[in-house]
């Protein structure tokens with residue numbers, strides 16, 4: 001992912017910033033015929049060298065900027081994921097603390113109600129099974145194997161996610177895993 005990058009400082013490099021290779025007029029102890037002409041550079045060579053160094057510096061800054069921008073986007077994504085995890089944990093904790101007079105079994109659907117007193121409780125009776133429901137229905141949830149709760153209106157998505165994960169775990173076929181990844185995220189919410 002490339003980004004446009006503009007250098008804030010477009011100053012030219014001075015000759016002091018250009019590092020040239022030291023001249024050796026006696027390489028390996030052999031005297032040169034004309035030491036003044038060996039490895040001598042003209043003024044245009046120094047300008048080209050300075051331009052090349054400045055171009056390299058600009059590209060290094062642009063590359064670093066682009067990479068840091070990608071990391072910043074990943075940090076934002078991870079922050080959103082962390083917020084979602086914390087919200088889900090709070091919701092799951094609140095649901096587990098609702099009053100209940102039976103043992104909850106993973107895989108079953110339970111219905112959350114609220115009495116006039118404000119007490120929330122789980123029931124096995126769905127709102128449509130009551131002839132006249134005396135309490136406010138807050139939602140229906142399935143208890144998952146990891147003891148998290150899934151709202152009934154998200155069951156189809158959750159079931160697809162569980163199915164894909166089950167196939168990935170059961171398969172040692174790398175192509176299947178690659179195809180599953182190419183199909184996109186498991187959760188579309």
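Spot the failing condition for residue 7; the list is (1) over 30 Å from residue 140 (Cα atoms); (2) surrounded by 10 or more Cβ atoms within 10 Å (Cβ to Cβ); (3) modelled with pLDDT of 65 or more, and only one is missed.
(3)
Residue 15: farther than 30 Å from residue 149 by Cβ, over 23 Å from the mean Cα position of the chain (by Cα) and either modelled with pLDDT of 95 or more or surrounded by 10 or more Cβ atoms within 10 Å (Cβ to Cβ) (or both), yes or no? Walk me through how you get there before you give the answer.
Numbers: farther than 30 Å from residue 149 by Cβ: yes; over 23 Å from the mean Cα position of the chain (by Cα): yes; either modelled with pLDDT of 95 or more or surrounded by 10 or more Cβ atoms within 10 Å (Cβ to Cβ) (or both): yes.
It is true that residue 15 is farther than 30 Å from residue 149 by Cβ, over 23 Å from the mean Cα position of the chain (by Cα) and either modelled with pLDDT of 95 or more or surrounded by 10 or more Cβ atoms within 10 Å (Cβ to Cβ) (or both).
Which of the residues belonging to the range 114-136 are touching a strand residue (DSSP E or B) at 6+ places or on another chain (Cβ under 9 Å) and within 13 Å of residue 98 (Cα to Cα)?
Those that are touching a strand residue (DSSP E or B) at 6+ places or on another chain (Cβ under 9 Å) and within 13 Å of residue 98 (Cα to Cα): 114, 115, 119, 120, 121, 122, 123.
Here is a yes/no grid of residues against (1) at pLDDT 95 or above; (2) outside the structural domain of residue 147 (by TED's automatic domain parsing):
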site	(1), (2)
30	no, yes
56	no, yes
68	yes, yes
71	yes, yes
108	yes, no
111	yes, no
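When the range 98-107 is examined, which residues are found to be closer than 23 Å to residue 162 by Cβ and surrounded by 12 or more Cβ atoms within 10 Å (Cβ to Cβ)?
104
What pairs can you find where one residue is in the range 81-105 and assigned by TED's automatic domain parsing to the domain that holds residue 140 and in contact (Cβ under 8 Å) with a residue 24 or more places away in the chain, the other is surrounded by 10 or more Cβ atoms within 10 Å (Cβ to Cβ) and in a helix (DSSP H, G or I), and their Cβ atoms are less than 9 Å apart, with a gap of 6+ or different chains?
Short answer, once both residue conditions are applied: 104/96.
Filter the range 113-146 for residues that are touching a helix residue (DSSP H, G or I) at 6+ places or on another chain (Cβ under 7 Å) and within 22 Å of residue 159 (Cβ to Cβ); which is surrounded by the most Cβ atoms within 10 Å (Cβ to Cβ)?
First, the residues of the range 113-146 that are touching a helix residue (DSSP H, G or I) at 6+ places or on another chain (Cβ under 7 Å): 133, 137, 140-142.
Next, only the ones that are within 22 Å of residue 159 (Cβ to Cβ) stay: 140-142.
Numbers: 140: 18, 141: 24, 142: 18.
Ranking the qualifying residues of the range 113-146, first place goes to 141.
Please tell me if residue 50 is modelled with pLDDT under 95, farther than 30 Å from residue 113 by Cβ, in a helix (DSSP H, G or I) and not assigned by TED's automatic domain parsing to the domain that holds residue 146.
Values: modelled with pLDDT under 95: yes; farther than 30 Å from residue 113 by Cβ: yes; in a helix (DSSP H, G or I): yes; not assigned by TED's automatic domain parsing to the domain that holds residue 146: yes.
When the stated conditions are applied, residue 50 passes them.
Take residue 67 and decide whether it is closer than 30 Å to residue 155 by Cα and out of contact with any strand residue (DSSP E or B) (no Cβ under 9 Å at 6 or more places or on another chain).
Taking the combined requirement at face value, the residue does not satisfy it.
The values are calculated or read from the model by the stated rules, or taken from the named source; none is laboratory data. Model, not experiment: these values are computed from the prediction. Here the Cβ is made from the backbone with ideal geometry for all residues, glycine too, and neighbour counts use every protein chain on show.
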